[in-house]
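A.B. asks: Below are the structure tokens for one structure; questions will follow.
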Amino acid sequence: MPEEAMSQISSLVENTSYLTWDLLAILAFLAIFLLYAYSIGKDSLIPSIIALYISGFTMMFLPYINNLESLIKTDSSISSIIIFAIVYLIVFFVLKWNGFFEPYVVPTGIEIALFAISFTGLLAVILGSLMSVEMIASFSPLSRMIFTGNIAVTIWSLAPLGLFILIRGDT
């Protein structure tokens with residue numbers, strides 16, 4: 001058993017000694033969202049996380065979403081991601097325009113970075129759940145370990161909620 005664990009760790013280190021395309025994509029999403037959050041997105045950070053939860057829930061639990069996916073002539077994983085992006089944008093703009101979160105919570109300083117990291121992780125988990133098994137198999141072992149395992153999915157799904165509880169922000 002210990003030898004098997006050591007060989008898995010050794011294999012993981014060998015396979016992740018360079019940045020793969022999937023890790024670079026996740027880091028790019030994180031960098032983009034950090035820049036957005038620190039520059040113009042401070043007021044829309046909380047609505048964007050709530051919109052991510054709502055759109056992820058919509059994609060997972062509404063049975064009629066499959067009918068929309070059939071309208072897009074591409075792979076079902078890609079069409080799911082496109083529909084998810086459309087649902088996310090609609091929910092985000094509805095939450096942003098109605099001003100429900102406006103006077104309540106505006107994260108500052110390190111809080112913005114923590115929310116941006118949790119947003120990126122949750123986004124990666126939701127997108128991973130929409131992808132096909134073949135697409136996920138093309139990811140590096142490190143990406144699969146961080147974003148697709150049961151424990152990882154649970155942690156990334158609950159991280160923004162935990163931050164909502166722990167961080168109050170400026171009101």
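The values are calculated or read from the model by the stated rules, or taken from the named source; none is laboratory data. The structure presented is a predicted model; accordingly, all values stated were derived computationally and were not measured. Ideal geometry is used to build each Cβ from the backbone, glycine not excepted, and the neighbour counts take in all protein chains shown.
A.B. asks: Considering only residues of segment 43-100 that are in a loop (DSSP other than H, G, I, E, B) and among the aromatic types (Phe, Trp, Tyr), which is surrounded by the most Cβ atoms within 10 Å (Cβ to Cβ)?
C.D. replies: The qualifying residue surrounded by the most Cβ atoms within 10 Å (Cβ to Cβ) is Phe100.
A.B. asks: When you scan segment 106-137, how many residues do you find that are over 28 Å from Ile40 (Cβ atoms), without any contact (Cβ under 8 Å) to a residue 12 or more places away in the chain and not in a helix (DSSP H, G or I)?
C.D. replies: 0
A.B. asks: Against the condition at pLDDT 85 or above and crowded, with 16+ Cβ neighbours inside 10 Å, how does Phe119 come out, does it pass?
C.D. replies: Yes: the conditions hold for Phe119.
A.B. asks: I'm trying to understand the selection: among the residues of segment 136-156, which are of a type in the set (A, V, I, L, M), at pLDDT below 90 and surrounded by fewer than 14 Cβ atoms within 10 Å (Cβ to Cβ)?
C.D. replies: Ala137, the sole residue that qualifies.
A.B. asks: Only residues in segment 80-97 that are in contact (Cβ under 8 Å) with a residue 12 or more places away in the chain and under 19 Å from Ser70 (Cα atoms) count as the first member; pair them with residues that are crowded, with 20+ Cβ neighbours inside 10 Å and hydroxyl-bearing (Ser, Thr, Tyr), Cβ under 9 angstrom, at least 6 apart or cross-chain, and list the lot.
C.D. replies: These pairs meet every condition: Phe84/Ser55; Val87/Ser55; Tyr88/Ser48; Tyr88/Ser55.
A.B. asks: Return a yes/no flag: does segment 22-41 have any residue that is at pLDDT 80 or above and among the charged types (D, E, K, R).
C.D. replies: Yes - at least one qualifying residue is present in segment 22-41.
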